[in-house]
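One structure is given here, and the rest of the page talks about it.
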């Protein structure tokens, strides 16, 4: 009887722990538009950007339509937030990305040009769920960072 009680207590504790960990992860679903005034893009000339996100963790699909020096392009990226590497084709080039959670921050690492450099993105949903801040570091440009602020539409 004691063994059954212990097993049940462990199982219930595990369920509460799993729910608490899941609660830390933000749901990024929605349509998000870049606010240029709140973004810091450095020399990158993005005129506009809209992200449509379908997020059912661990599945994450981001469709980005962006107007920049390459014209207007739409890119679809599928991720699995458990760290598995996924392959994307963007503007004719292949990229390999992996996504994982660090607390409530989504970290996406993308290898560009056969791993010649890496893009390190940190996606953070605001407490009010009305904006996402993306902090970006490029391994080929140490000290140069970008910040993109997307607002919920």
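The residue pairs whose first member lies in the range 110-132 and is at positive phi and surrounded by 12 or more Cβ atoms within 10 Å (Cβ to Cβ), whose second member is at pLDDT 95 or above and not in a loop (DSSP other than H, G, I, E, B), and whose beta carbons are closer than 9 Å, counting only pairs six or more residues apart or on different chains, are 129/30; 129/152.
Suppose we filter the range 53-100 for residues that are on the phi > 0 side of the Ramachandran plot, in contact with a strand residue (DSSP E or B) (Cβ under 9 Å, 6 or more places away or on another chain) and outside any strand (DSSP E or B); how many remain? Total meeting the criteria: 1. Does the range 144-153 hold any residues that are outside any loop (DSSP other than H, G, I, E, B) and modelled with pLDDT of 95 or more, and which are they? Hits for the range 144-153 are 147, 148, 149, 150, 151, 152.
Inside the range 112-143, residues that are assigned to a loop (DSSP other than H, G, I, E, B), in contact with a strand residue (DSSP E or B) (Cβ under 6 Å, 6 or more places away or on another chain) and within 27 Å of residue 89 (Cβ to Cβ) make up a count of 2. When the range 65-81 is filtered for residues that are crowded, with 17+ Cβ neighbours inside 10 Å and more than 15 Å from residue 108 (Cα to Cα), only 66 remains.
The values are calculated or read from the model by the stated rules, or taken from the named source; none is laboratory data. Quantities reported herein were computed from a predicted structural model and do not represent experimental measurements. Neighbour counts are summed over all protein chains in view; Cβ atoms, including those assigned to glycine, are modelled from backbone coordinates with ideal geometry.
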